[in-house]
Amino acid sequence: MKHLLSIDDLSKDEIEWILQKSKYRVTKQKILGTLFFEPSTRTKLSFHTAMYNLGGQVIDLPENSSQKKGESEEDTVRTISKYADILAIRHSKSGRVRELANYSDVPVINAGDGDNEHPTQALLDLRTINQYRAFVDSKDLTVMLFGDLLYSRTINSLLKVLDKSDYNINYILTAAVKEPPKNYITIKENEIGFYIDKVDVLYMTRFQKERRFNTTDWEFESRFILKNDLVNKMGRDAIILHPFPRNEEIHPEVDNNVRAVYFKQIENGVGVRSAVIEYLL
Ligand code: NCD
């Protein structure tokens, strides 16, 4: 039995298999259980859609579950794993999904744990990058990461998945990351304008309010808002990604810009999650 708890669990070939597979649909009469101990719109609903598209069924931990009677998360996972063939679990605490996976009789997919990892988001990010780079000959890529990078699980997983990709990447970071990638420079937010025309992939993230408990951390809070004046200085092939939810960091006027592909990125979440489910079942 195999879980997907981290990008570390996947080899280069397995990542390639999943990204290729996401173009196909296979029917299976299986049940996915979703246990989200933290809010979600896209991840949960795209997992549901992914499973329905495979011809499977979905059960979801009810709002009014026995957790309210003091049942432990361990017992909840044990229980649902008796009903479902595969589980997707999200938790606010880093490392908690890995702990809970020990109580499951069926494969577990990490749907995001604290500021640690979000492997399926990283896979759909890579799928989206591949899609838009397919028409460009060069494998050289300049990736700018914007936002609350230190506390972003999507960034943590993205750096790992890109490390296993075929791209030769130069990173421009606007804040500190947990594990720095190979080639990077760090810049201040007010310097973004000087570098923007060199960027192939601009990956935006929101301020992770719920993960910053230390008051001094709030100094990070950014005033930067991406607008078309800057976006129009990017190359024609450049793309803008965001895992969503967004706050103020991307102005809605950017949504109709050809480089804004974050809604396509959201759409890609369904096919990639179908492929991950198929891969683990
Ligand atoms: C992200 C998450 O939950 O980690 N959203 C998502 O799953 N697409 C990003 C975030 O919450 O900022």
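Bear in mind these aren't lab numbers, they're just calculated from the coordinates by the rules spelled out. This one's a predicted model, so the numbers in the text were calculated from it and none came from an experiment. Positions of Cβ are generated from backbone atoms using ideal geometry, with glycine treated the same way; all protein chains shown enter the neighbour counts.
For the reader, a short list of remarks on this structure follows.
- DSSP-defined beta bridges in the chain - what % are antiparallel, rounded to 5: 5
- Summing Cβ point charges (Lys, Arg +1; Asp, Glu -1) relative to the Cα centre of the chain gives a dipole of roughly 520 debye.
- Net dipole in debye of the range 116-207 [+1 Lys, Arg Cβ; -1 Asp, Glu Cβ; about Cα centre; nearest 20]: 200
- The chain - mean residue ellipticity at 222 nm from DSSP helices (-39,500 (n - 2.57) per run, n ≥ 4, rounded to 500): -9500 deg cm²/dmol
- Cα gyration tensor shape for the chain, rounded if a/c is under 1.5, else prolate or oblate: prolate
- The angle separating the long axis of helix 262-280 from the principal Cα axis of greatest extent in the chain is about 40 degrees.
- Taking the longest Cα principal axis of the chain as reference, the axis of helix 73-83 is set at about 70 degrees.
- Whichever aspartates and glutamates have a C-alpha closer than 17 Å to that of Lys139, once near sequence neighbours (fewer than 8 apart) are set aside: Glu16, Asp125, Asp163, Asp166, Asp200, Asp237
- Seen through its C-alpha gyration tensor, with square-root eigenvalues sorted a ≥ b ≥ c, the range 217-281 comes out oblate because a/c lies at 1.5 or above while a/b is not bigger than b/c.
- Packing around the peptides 128-137, 59-68, 115-124, taken as the average count of other Cβ atoms within 10 Å per residue, puts them in this order, highest first: 115-124, 128-137, 59-68.
- Rounded tilt (10° steps) of 42-53 against the dominant C-alpha axis of the chain: 60
- Prolate/oblate/rounded call for the range 123-281, Cα gyration tensor, a/c under 1.5 rounded: rounded
- Considering only the range 50-188, percent of DSSP beta bridges that pair antiparallel, nearest 5: 5
- For the chain, a Gaussian network of Cα nodes joined below 10 Å ranks Lys139, Lys21, Lys69 by mean-square fluctuation, and the top entry is Lys69.
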